[in-house]
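Comments concern the structure below.
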Amino acid sequence: MSSTFKLPEVLGLRLKDFGIEPAAVLRTADLPPGLWSVGKGLVTTEQFFAVWRAIQDLAGDPMLGIKIATTTPTEQFPPMAIAAQYSRTFRDALQRLARYKLLCCAEEMRITEGPQETSVD
């Protein structure tokens with residue numbers, strides 16, 4: 001199973017709204033400068049966290065992630081995020097995300113429910 005994530009294009013746009021250049025984030029995270037412009041924007045887990053550490057370092061605002069999430073217009077969300085956001089429960093949201101991934105992304109998201117915890121792979 002692949003452990004790559006797509007960096008949403010909207011993140012790069014939102015960073016600009018907060019005065020942070022996406023190219024500076026990629027440079028600070030030691031990632032290719034054209035990552036967002038090549039269309040895929042796929043990163044590993046380590047690179048994903050490096051991006052967020054770079055954002056934190058460049059922003060100097062520990063609340064920036066929350067500000068981005070709470071001020072992004074819903075029309076900029078990808079369809080799977082909208083489907084999850086309007087779910088009745090967290091379990092329903094996970095199931096919707098898993099179905100979307102399977103149907104539209106050729107990816108598998110496995111949900112394993114235990115008596116006291118649920119894991120997502």
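Of all residues in the stretch 45-99, those satisfying the criterion of being among the aromatic types (Phe, Trp, Tyr) and in a helix (DSSP H, G or I) are 48, 49, 52, 90. If the condition is being at pLDDT 85 or above and part of a loop (DSSP other than H, G, I, E, B), then the stretch 8-32 contributes 18, 19, 20, 21, 29, 30, 31, 32. Scanning the stretch 73-107 for residues that are touching a Lys or Arg at 6+ places or on another chain (Cβ under 6 Å) and closer than 23 Å to residue 42 by Cα yields 83, 84, 107. Within the stretch 72-96, being touching a residue at least 12 places away in the same chain (Cβ under 8 Å) and either hydroxyl-bearing (Ser, Thr, Tyr) or surrounded by fewer than 11 Cβ atoms within 10 Å (Cβ to Cβ) (or both) holds for 72, 79. Considering the stretch 97-119 alone, what residues qualify as being among the aliphatic types (A, V, I, L, M), open to solvent by 70 Å² or more (accessible area, probe 1.4 Å) and closer than 18 Å to residue 3 by Cα? Scanning the stretch 97-119 gives 102, 106. Candidates in the stretch 26-60 are the residues that are touching a residue at least 40 places away in the same chain (Cβ under 8 Å) and under 17 Å from the mean Cα position of the chain (by Cα); of these, the one that is farthest from residue 3 (Cα to Cα) is 55. Take residue 59 and tell me if it is modelled with pLDDT of 90 or more and farther than 28 Å from residue 102 by Cα. Answer is yes for this residue. When restricted to residues that are loosely packed, with under 13 Cβ neighbours inside 10 Å and not acidic (Asp, Glu), the stretch 7-31 contains 2.
The values are calculated or read from the model by the stated rules, or taken from the named source; none is laboratory data. Note that the structure is a prediction, hence the values are computed from the model and not measured. Cβ: placed from backbone, ideal geometry, glycine included. Neighbour counts: every protein chain shown. These accessible areas exclude ligands, DNA and RNA; they are computed on the full protein's heavy atoms, side chains included. Shrake-Rupley method; radii C 1.70, N 1.55, O 1.52, S 1.80 Å.
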